[in-house]
Amino acid sequence: MSTRIPLPYSPKVLKYFRNPKNMGAMSDPTVVSTAGSPACGDMIRLYLKIRSEGEDDVIEDIRFESYGCAANIAAASVLTELVKGKPLRDAWNVTWKRVSDELGGLPAIKYHCSILAVGALKRAIRSYYRDRPKPKWLPEELTVEERQTMEEEAILERIYGLGPNTT
Ligand code: FES
């Protein structure tokens, strides 16, 4: 008999896990970002197609690949739905908590799955502006999602000897 205790996932997490939206690679992205590491399985990659529209840079399309758990797949999936069609400045303001709330709440042990997804998005947005004029709304200071993603990658580096992802 299994001794594993099932995690208390919300019906919405299970729904997105079973039927993820916007999953799979994109052939012609404007920017790609990766957070986490494939060594332990906790990794997410985002593909963003961005177009300029007046003053705004808009996420025309977004897709993801996840090598994480059910919560990570659900978080990435709902994140893509939240930011698709939105200006980057609005996408920037999406937090890991917003993603968790959108899923009906994640178990505390799974917060990092949402943090990793949002960390990848923020990394993609910073990467997009690396060679472009930086907008006023983009802070110098790292967000909590970026800091925690980097901390996690540093731990993985110590355990598995892999360098952190910076793409
Ligand atoms: Fe690590 Fe979900 S991505 S436990």
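The values are calculated or read from the model by the stated rules, or taken from the named source; none is laboratory data. All of these numbers come straight from a predicted model, not from anything done at the bench. Every residue, glycine among them, receives a Cβ derived from its backbone with ideal geometry; neighbour counts consider all protein chains shown.
Tabulated data for the structure shown
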quantity	calculated
Residues of region 82-103 satisfying the condition of being surrounded by 18 or more Cβ atoms within 10 Å (Cβ to Cβ) and under 19 Å from E55 (Cβ atoms)	V83, P87, L88, A91, W92
Checking K21 against (1) among the basic types (K, R); (2) part of a loop (DSSP other than H, G, I, E, B); (3) surrounded by 17 or more Cβ atoms within 10 Å (Cβ to Cβ), the condition it does not meet	(3)
Condition broken by W137, with the remaining ones in (1) of a type in the set (A, V, I, L, M, F, W, C); (2) in a loop (DSSP other than H, G, I, E, B); (3) within 16 Å of the ligand (Cβ to nearest atom) satisfied	(3)
Residue in region 27-48 that is part of a strand (DSSP E or B), without any contact (Cβ under 8 Å) to a residue 60 or more places away in the chain and under 21 Å from R130 (Cα atoms) present	yes
The lone exception for D101 - which of (1) over 12 Å from the mean Cα position of the chain (by Cα); (2) touching a residue at least 12 places away in the same chain (Cβ under 8 Å) it fails	(2)
Condition broken by L79, with the remaining ones in (1) surrounded by 24 or more Cβ atoms within 10 Å (Cβ to Cβ); (2) farther than 28 Å from E53 by Cβ satisfied	(2)
Total residues in region 104-134, condition closer than 22 Å to L48 by Cα and part of a loop (DSSP other than H, G, I, E, B)	6
W92 within 16 Å of the ligand (Cβ to nearest atom), modelled with pLDDT of 95 or more and not acidic (D, E)	no
Subset of region 15-61 [closer than 28 Å to A154 by Cβ and of a type in the set (G, A, S)]	A25, S33, A35, G36, S37, A39, G41
Only one of S33, S37 that is closer than 22 Å to E151 by Cα, crowded, with 19+ Cβ neighbours inside 10 Å, of a type in the set (S, T, N, Q) and within 12 Å of the ligand (Cβ to nearest atom)	S37
Matching option when the condition is within 13 Å of the ligand (Cβ to nearest atom), farther than 15 Å from V32 by Cβ and out of contact with any Pro (no Cβ under 8 Å at 6 or more places or on another chain), among L106, L82	L106
Members of region 49-76 that are surrounded by 21 or more Cβ atoms within 10 Å (Cβ to Cβ), within 16 Å of the ligand (Cβ to nearest atom) and outside any helix (DSSP H, G or I)	F64, S66, G68
Residues (at negative phi and either among the hydrophobic types (A, V, I, L, M, F, W, C) or assigned to a loop (DSSP other than H, G, I, E, B) (or both)) located in region 77-91	V78, L79, L82, V83, K84, K86, L88, A91
